[in-house]
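A short worksheet on the structure shown next.
The values are calculated or read from the model by the stated rules, or taken from the named source; none is laboratory data. Given the structure is predicted, the values throughout are model-derived calculations rather than measurements. Every residue, glycine among them, receives a Cβ derived from its backbone with ideal geometry; neighbour counts consider all protein chains shown.
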Amino acid sequence: MNAVIHCENLVKTYDGKPPVEAVRGLNLAVLEGECFGLLGPNGAGKTTTIEIIEGLLAPTSGEVAVLGRHWGRGEDDDTIRQRIGISLQETKLSDKLTVRETIRLFRSFYRNGLEPEEALRRVALTEKGDSWVVKLSGGQRQRLAVACALVGDPHLLLLDEPTTGLDPQSRRQLWDIIRDIRTQGRTVLLTTHYMDEAERLCDRVAIVDHGQVIALGSPAELIARLGGEHMIEFTLKDNGAFDPATLNDLPSVQSAQKESGQYRLAVRELHVALPALLGRLQQTGQALSGLVTRHVSLEDVFVALTGRHLRDEESPKS
Amino acid sequence: MNEQQQPAPARRYSPLRELVLARLREFYREPEAVFWVYGFPILMVVALGIAFRNKPVEQIPVDVQDGSQAVEVKQLLEKDNRLLIRVHDEATCLSRWKSGKTDAVVMPLSGPGPRYRLLHDPTRLESQLARSLVNEQLTHPATSAESALVREDELQEPGSRYIDYLVPGLLGMSLMGGGLWGVGFVIVDMRIRKLLKRLLATPMKRGEFLAAIMISRLCFMVPEVLIMLGFTWLTFGVVIRGSLVALVFLVFLGAFAFAGIGLLVASRAKTMESVSGLMNLIMLPMWMLSGIFFSYERFPDVALPFIRLLPLTALNDALRAVMLEGQPLTAQWLRLGILTGWGVGSFVLALRWFRWQ
């Protein structure tokens with residue numbers, strides 16, 4: 001399969017005191033027809049990376065090829081622009097234009113593309129066609145932004161945090177739209193710091209931290225790397241202190257960790273591990289104050305890889 | 001790949017047309033902007049027109065020193081209704097004179113020699129006017145129509161009044177304001193909203209974008225000028241002596257020059273504060289120097305060549321030459337050259353320096 005996007009050793013350093021190294025040697029290959037997610041916490045370098053791919057930022061060093069072409073090489077720029085559709089993290093489209101007028105404006109920049117009505121239909125904004133942008137809800141605005149990205153009928157869609165700040169219903173609506181785009185054979189690259197979004201939408205995910213890809217694979221693969229599909233989390237009365245490592249020998253337990261009073265076991269088979277755990281706690285005279293089990297998520301992958309949570313603003317060193 | 005959608009023929013969508021339409025729509029859907037562009041200049045003309053139209057004959061205060069002849073002198077001087085005569089004792093007269101409350105002081109003298117002492121200040125225009133009016137009344141009290149050497153005609157016809165002088169100046173001023181604000185503000189606003197960046201991520205041609213901003217500015221300008229000229233024609237009878245074609249050409253050239261400057265001002269600015277500051281920096285000197293409200297010839301001679309190089313000076317001079325004197329454009333190559341130079345020069349620099357993201 002062809003790589004639609006190819007990044008090699010991408011570096012972007014912003015001038016400043018001290019200089020900010022937003023991207024430090026990032027490698028990436030996005031394949032034709034897949035939905036690829038860049039997952040990472042705020043400040044991981046996702047937006048910088050996607051803006052370099054979009055040709056809006058120049059990398060400090062490294063190679064970028066988009067649809068087999070390179071930014072800044074003569075005719076290539078226009079060729080790429082004609083064939084990609086983007087939505088930035090924040091764009092305030094003109095308040096006093098109607099939805100239809102906005103789409104028409106964006107349509108006019110492309111040689112080929114969708115009828116504005118078709119673009120509106122795909123993002124379910126047909127009924128809002130004559131409304132001013134200022135009257136739209138957050139979710140509707142985001143769908144309009146996606147429609148602006150779609151209207152040139154692009155081969156490649158680049159969406160920077162398409163659902164950030166939206167209510168659950170609007171997010172689900174956007175997921176449907178993105179899935180729809182993907183089933184039409186288009187390639188999608190999106191950034192997100194929601195792991196559930198990445199799990200549900202993306203064929204493959206690159207987990208980005210400190211400007212580098214630290215893990216790459218399908219969500220299922222990444223989760224499988226933890227060795228267990230389930231997670232048991234429990235807390236003990238009196239903040240009972242005993243070494244989580246002593247739990248490693250329980251049947252079906254893949255790993256055991258303790259973080260701020262909470263024990264966390266990654267297990268393969270819940271029905272084997274749970275009775276064993278309860279037995280062990282009883283033996284050692286520990287009393288539970290809470291216990292939950294759940295499926296392993298990309299969040300757990302991220303925590304396992306970095307010792308931090310995805311949405312920690314200030315990353316505490318583990 | 002998908003069912004009914006067929007690629008639309010490319011020619012149905014003109015980006016330039018869509019960009020201009022978008023600007024026009026954004027503008028007329030914003031009532032405040034419409035007021036500032038169209039309403040405000042009219043209010044200004046009305047205010048100034050009222051201030052200067054039915055202005056009573058100017059009153060010139062002259063003091064007379066109290067004494068036996070005071071009443072007689074007062075009656076004599078009051079034959080000229082421009083003089084406002086007040087009688088005070090000597091000390092009061094002198095203190096009022098020193099503080100500029102009166103333009104001249106008449107002190108009747110007794111004994112041989114001159115009959116009056118007249119205090120005046122040769123460096124003050126009003127004082128000189130007072131002096132000559134007082135002299136006229138005191139020395140030739142009985143000038144009759146037959147014995148007069150000069151026949152006086154009062155001139156109040158359209159074309160030579162203050163309002164006639166003012167309208168071309170205000171027209172130039174509003175072309176300047178409209179160009180700078182209309183172009184500069186819009187661009188900085190789009191930059192702040194990241195709309196500029198979003199547009200740049202499309203295949204949009206940068207030149208077409210800038211051309212659309214300029215074209216839409218020229219579109220806004222047409223009603224602005226028509227309203228202003230129509231209004232002053234109806235209310236004050238301000239007429240255009242020269243060719244209408246010449247006037248239209250000048251208005252477009254002026255609008256183009258200031259739109260170019262607006263573009264230049266906005267080419268790097270990242271905040272509203274910085275663009276407002278820059279605009280005031282550019283407009284304020286021209287408001288004062290370029291002869292909007294009064295002739296710039298009053299500034300020192302050494303400054304005049306520089307003042308004439310300012311775009312607003314060139315525009316105002318050219319507008320007045322066409323509107324008031326009926327001169328053809330061929331008589332003002334230099335002014336046209338200055339305006340074109342500003343427009344083209346700033347457009348080129350703006351293109352080079354423009355910060356797209």
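Given the structure, is residue A:214 more than 23 Å from residue A:157 (Cα to Cα), touching a residue at least 24 places away in the same chain (Cβ under 8 Å) and crowded, with 16+ Cβ neighbours inside 10 Å? Taking the combined requirement at face value, the residue does not satisfy it. In the range A:55-79, how many are crowded, with 16+ Cβ neighbours inside 10 Å and within 23 Å of residue A:19 (Cβ to Cβ)? Total meeting the criteria: 8.
Scanning the range A:220-271 for residues that are aliphatic (A, V, I, L, M), part of a helix (DSSP H, G or I) and either touching a helix residue (DSSP H, G or I) at 6+ places or on another chain (Cβ under 7 Å) or farther than 30 Å from residue A:203 by Cα (or both) yields A:222, A:223, A:245, A:247. Is there a residue in the range B:220-235 that is within 13 Å of residue B:15 (Cβ to Cβ), away from chain A (no Cβ under 13 Å), surrounded by fewer than 19 Cβ atoms within 10 Å (Cβ to Cβ) and hydrophobic (A, V, I, L, M, F, W, C)? For the range B:220-235, residues within 13 Å of residue B:15 (Cβ to Cβ), away from chain A (no Cβ under 13 Å), surrounded by fewer than 19 Cβ atoms within 10 Å (Cβ to Cβ) and hydrophobic (A, V, I, L, M, F, W, C): absent. The set of residues from the range A:185-197 being within 13 Å of chain B (Cβ to nearest Cβ) and either on the phi > 0 side of the Ramachandran plot or modelled with pLDDT under 90 (or both) comprises just one member, A:185. Pairing each residue of the range B:181-202 that is within 10 Å of another protein chain (Cβ to nearest Cβ) and farther than 13 Å from residue B:269 by Cα with any residue that is surrounded by fewer than 19 Cβ atoms within 10 Å (Cβ to Cβ) and of a type in the set (Asp, Glu), provided the two are 6+ apart or on different chains, yields C-beta distances under 8 Å for B:194/A:90. Among the residues of the range A:247-277, the ones that are in contact (Cβ under 8 Å) with a residue 24 or more places away in the chain, surrounded by fewer than 16 Cβ atoms within 10 Å (Cβ to Cβ) and on the phi > 0 side of the Ramachandran plot come to 1 in all. Provide a single number: the residues in the range A:98-119 that are within 7 Å of chain B (Cβ to nearest Cβ) and in contact (Cβ under 8 Å) with a residue 24 or more places away in the chain. Residues meeting the conditions: 8.
Once the range B:346-356 is narrowed to residues that are closer than 23 Å to residue B:306 by Cα and surrounded by fewer than 20 Cβ atoms within 10 Å (Cβ to Cβ), the residue that is nearest to the chain's Cα centre (by Cα) is B:347.
Select from the range B:10-44 the residues that are under 30 Å from residue B:163 (Cα atoms) and either away from chain A (no Cβ under 11 Å) or not in a helix (DSSP H, G or I) (or both) and list them in ascending order. The answer is B:32, B:34, B:35, B:36, B:37, B:38, B:39, B:40, B:41, B:42, B:43, B:44. When residue A:163 is tested against (1) in a loop (DSSP other than H, G, I, E, B); (2) within 14 Å of chain B (Cβ to nearest Cβ); (3) not small (Gly, Ala, Ser), just one condition goes unmet, and that condition is (2). For first residues located in the range B:346-357 and more than 14 Å from chain A (Cβ to nearest Cβ), partners that are among the β-branched types (Val, Ile, Thr) and lie 6+ apart or on another chain with Cβ distances below 6 Å form the pairs B:346/B:261. Restricting A:52, A:86, A:103 to residues that are touching a Lys or Arg at 6+ places or on another chain (Cβ under 9 Å), in a helix (DSSP H, G or I) and crowded, with 23+ Cβ neighbours inside 10 Å narrows the list to A:52.
For (1) out of contact with any Asp or Glu (no Cβ under 8 Å at 6 or more places or on another chain); (2) without any contact (Cβ under 8 Å) to a residue 40 or more places away in the chain; (3) under 25 Å from residue A:55 (Cα atoms); (4) of a type in the set (A, V, I, L, M), each residue gets a yes or a no:
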{"site": "A:132", "(1), (2), (3), (4)": "no, yes, no, no"}
{"site": "A:141", "(1), (2), (3), (4)": "yes, no, yes, no"}
{"site": "A:162", "(1), (2), (3), (4)": "yes, no, yes, no"}
{"site": "A:169", "(1), (2), (3), (4)": "yes, yes, no, no"}
{"site": "A:178", "(1), (2), (3), (4)": "yes, no, yes, yes"}
{"site": "A:186", "(1), (2), (3), (4)": "yes, no, yes, no"}
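The sole residue among B:343, B:337 that is surrounded by 14 or more Cβ atoms within 10 Å (Cβ to Cβ), of a type in the set (Gly, Ala, Ser) and modelled with pLDDT of 90 or more is B:343. When residues in the range B:255-296 are screened for being closer than 22 Å to residue B:339 by Cβ and either of a type outside the set (A, V, I, L, M, F, W, C) or not in a helix (DSSP H, G or I) (or both), 12 of them pass.
Look at (1) at the interface with chain B (Cβ under 10 Å from one of its Cβ atoms); (2) under 15 Å from residue B:195 (Cα atoms); (3) in contact with a Leu (Cβ under 7 Å, 6 or more places away or on another chain) and you find that residue A:95 fails only one, number (3). Every listed requirement among (1) charged (D, E, K, R); (2) facing another protein chain (nearest Cβ under 7 Å); (3) under 18 Å from residue A:174 (Cα atoms) is met by residue A:122 save one, (2).
Can you name the residue in the range B:135-192 that is acidic (Asp, Glu) and at pLDDT below 80 and, of all such residues, is farthest from residue B:280 (Cα to Cα)?
Here the residue is B:146.
If the condition is being part of a strand (DSSP E or B) and of a type outside the set (Lys, Arg), then the range A:57-83 contributes A:61, A:62, A:63, A:64, A:65, A:66. The criterion of at least 2 residues that are in contact (Cβ under 8 Å) with a residue 40 or more places away in the chain and touching a Phe, Trp or Tyr at 6+ places or on another chain (Cβ under 8 Å) is met by the following strands (runs of 3 or more DSSP E) wholly inside the range A:1-40: A:20-31. Inside the range A:106-140, residues that are part of a helix (DSSP H, G or I), surrounded by fewer than 18 Cβ atoms within 10 Å (Cβ to Cβ) and charged (D, E, K, R) make up a count of 4.
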